Amino acid sequence: MKKLFILLLVLSCSKDKINQTQVCDENYSPPFGGTIFIDPNIITPEDPTTFISLSYAGTGERQMYDRRYGWVMLEPFLFPAEYDDGLSIEIQVNPEFGTWENAQVYALKYAEVIGRLTTQLRKDVETSWIHRGDEPFGGGNNNLLIHTDWSEKNYENQGILEETLVHEASHTSLDSYHAESKGWINAQEMDCEFISNYARDYPIREDIAESYLPYLAVRYRSDRITESLRKTIEEAIPNRIKYFDEQNFNMYPID
């Protein structure tokens, strides 16, 4: 009788393991190439911003990253920007803009847009570098990197400036906490798929940033996206969505 009980227990445990085994299709194709392009209305210029004030603090020597030249030492125009949730950012504008008045135009423009990002996404953003140049944005380094020529020609022209900054701020304020965490890796494995080719090709570096904007869309902007888009996102990354839900992120001013 005892042997029969042990045999039944082993079979039961084996069955549980079989039920928990995730069968993944190695030939799957992610639904998107990159997610900043999925919808231009997730965050718009009409949405509220937490930005409240900007002041000019002169110039000062700073190390900045410029995609055209790499790491450089410059004396940018400095503009402390204040936000109504208590956060602040030093916006550093490349001296190539000529005068502090001209630099201030760009500092104000992007300070307001950055303020449409959630408190969670801005919490580790200490600085923003603004350069001319036909180069993509960047995140990380407690910073948001902006190249104005690329911004105007690409992101602004397509209406995805805010969406792009969500992606880059995810690098700055989320990656170091979550990209290699046990919970996130488990969510990746349970989902099998990636939301985009970019996330699939760079699963540690890009998966958080590529997944977060779609998460924001389905959880907080579902009324702005199509039903088919919502369904595509939810079917591709349900466990990543659940992971983000469990973090209790500060979603002000969106929520």
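The values are calculated or read from the model by the stated rules, or taken from the named source; none is laboratory data. These figures come from a predicted structure and were not determined experimentally. Please note: Cβ atoms are built from the backbone with ideal geometry, for glycine as well, and neighbour counts cover all protein chains shown.
Screening Asp149 with (1) surrounded by fewer than 23 Cβ atoms within 10 Å (Cβ to Cβ); (2) in contact with a Gly (Cβ under 7 Å, 6 or more places away or on another chain); (3) closer than 16 Å to Leu213 by Cβ gives one miss only, at (3).
Going by the structure shown, is Glu210 in a helix (DSSP H, G or I), among the charged types (D, E, K, R) and crowded, with 17+ Cβ neighbours inside 10 Å?
Working: in a helix (DSSP H, G or I): yes; among the charged types (D, E, K, R): yes; crowded, with 17+ Cβ neighbours inside 10 Å: yes.
Against the criterion (in a helix (DSSP H, G or I), among the charged types (D, E, K, R) and crowded, with 17+ Cβ neighbours inside 10 Å), Glu210 qualifies.
Just a yes or no: is a residue in region 165-172 over 18 Å from Val113 (Cα atoms) and of a type outside the set (Asp, Glu)? Looking for residues that are over 18 Å from Val113 (Cα atoms) and of a type outside the set (Asp, Glu), one finds none in region 165-172, hence no. In summary, helices (runs of 4 or more DSSP H) completely within region 133-193 and bearing 3 or more residues that are in contact with a Leu (Cβ under 6 Å, 6 or more places away or on another chain) and either at pLDDT 95 or above or among the polar types (S, T, N, Q) (or both) occur at 161-173.
Out of curiosity, is Ser128 in contact (Cβ under 8 Å) with a residue 24 or more places away in the chain, surrounded by fewer than 20 Cβ atoms within 10 Å (Cβ to Cβ), in a strand (DSSP E or B) and hydroxyl-bearing (Ser, Thr, Tyr)?
No; evaluated as a whole, the condition is false for this residue.
Which is at pLDDT 95 or above, among the β-branched types (Val, Ile, Thr) and not in a helix (DSSP H, G or I), of Ile89, Ile36? Answer to the check: Ile89.
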